[in-house]
Amino acid sequence: MFRNQYDTDVTTWSPQGRLFQVEYAMEAVKQGSACVGLRSSTHAVLAAANKPASELSSYQRKVFRVAEHAGVALAGLTADGRVLSRFLRNECINHSFVYEAPLPISRLALRLADKAQLRTLPKYALVCVKNFRLRELLIPVCTQRSWKRPYGVGLLVAGLDETGAHLYYNCPSGNYFEYQAFAIGSRSQAAKTFLERRFEGYNDYTPEQLIKDALSAIKETLQGEKLTSANCTVAIVGRKDDGTIEPFQMIDATRIQEIIDSMEAAEEAPPVEPSSMQEEERTSDAAPMDI
């Protein structure tokens with residue numbers, strides 16, 4: 001991964017037009033635990049694989065609630081993810097206080113992308129100059145200052161607003177994209193392959209079907225390890241049939257295990273045999289015997 005003189009800081013461009021420090025941060029996302037997000041027209045689901053660093057430790061949280069109508073799942077450096085989730089929580093609180101309305105998910109993803117690309121720390125730095133005047137300085141960092149590093153975490157932002165359910169992926173480079181379904185983290189390509197085969201019908205899915213597909217996608221990333229409620233986390237947000245909002249919440253481990261058991265029972269069920277009606281139809285099609 002060593003790139004000679006072109007990866008010493010984040011502001012050095014290579015002759016091929018690449019920023020290697022930003023690419024290294026994107027590689028950190030691929031090393032994290034797998035996370036999956038998918039949405040219908042009314043609900044959005046986030047799921048993450050719980051993997052402890054060792055057998056003696058517990059796992060780190062990968063799914064965070066940032067507001068009543070939104071939450072995030074992260075892959076990569078968890079410490080950076082906690083900082084960004086706290087930033088999103090503050091943005092939602094400030095917007096709700098000023099406008100008395102929830103922050104739209106598209107704007108939430110945009111502010112997160114701006115934070116990764118051009119954040120201000122502090123927002124306004126007041127510096128005293130020689131003639132004792134105060135000058136207001138903005139300090140952009142992350143991908144535009146050599147003494148800072150990009151955030152080494154990718155986030156799936158899921159939520160609900162007036163236009164329906166949304167799912168965004170925010171990249172360490174500052175780019176963000178909206179998806180119907182997506183997966184990030186280690187061995188996420190297997191989950192993407194599973195989602196690509198089924199995403200066209202997600203708009204009409206019920207919450208239960210979304211949860212089952214999210215668990216199936218997480219199972220694809222476990223490489224033969226048995227899927228249980230202990231090694232996965234699932235959260236959901238959406239709008240009920242009566243129009244009320246179902247707030248972002250983690251699904252109870254008992255319910256997750258029940259869903260996993262029902263999925264395993266459906267996989268182990270024997271194939272359906274042809275009915276007696278179909279057998280009668282086949283016999284009626286036979287040629288009559290000569291008498």
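A few remarks follow.
- 3J(HN,Hα) from dihedral phi, segment 196-202, Karplus parametrisation 6.51/-1.76/1.60, rounded to Hz, x for glycine, proline: 5, 7, 10, 5, 5, x, 5
- Stretching Arg82 away from Ser57 to a fully extended chain increases their span by 7.1 nm, per 0.36 nm per residue minus the current alpha-carbon distance.
- Highest mean packing first, where packing is the average number of other Cβ atoms within 10 Å per residue, the peptides 37-46, 91-100, 213-222 line up as 37-46, 213-222, 91-100.
- Taking every alpha-carbon pair under 8 Å whose residues sit at least 6 apart, segment 184-234 reaches a relative contact order of 45 percent.
- Under the shape rule built on the C-alpha gyration tensor, where the axes satisfy a ≥ b ≥ c, segment 1-117 is oblate, since a/c reaches at least 1.5 while a/b does not exceed b/c.
- Look at the Cα gyration tensor of segment 161-238: its axes a ≥ b ≥ c give a/c of at least 1.5 with a/b at or below b/c, and that counts as oblate.
Quick note: the coordinates plus some simple rules give every number you see, no bench work behind them. Since this is a predicted model, take the numbers as computed values, not measurements. Here the Cβ is made from the backbone with ideal geometry for all residues, glycine too, and neighbour counts use every protein chain on show.
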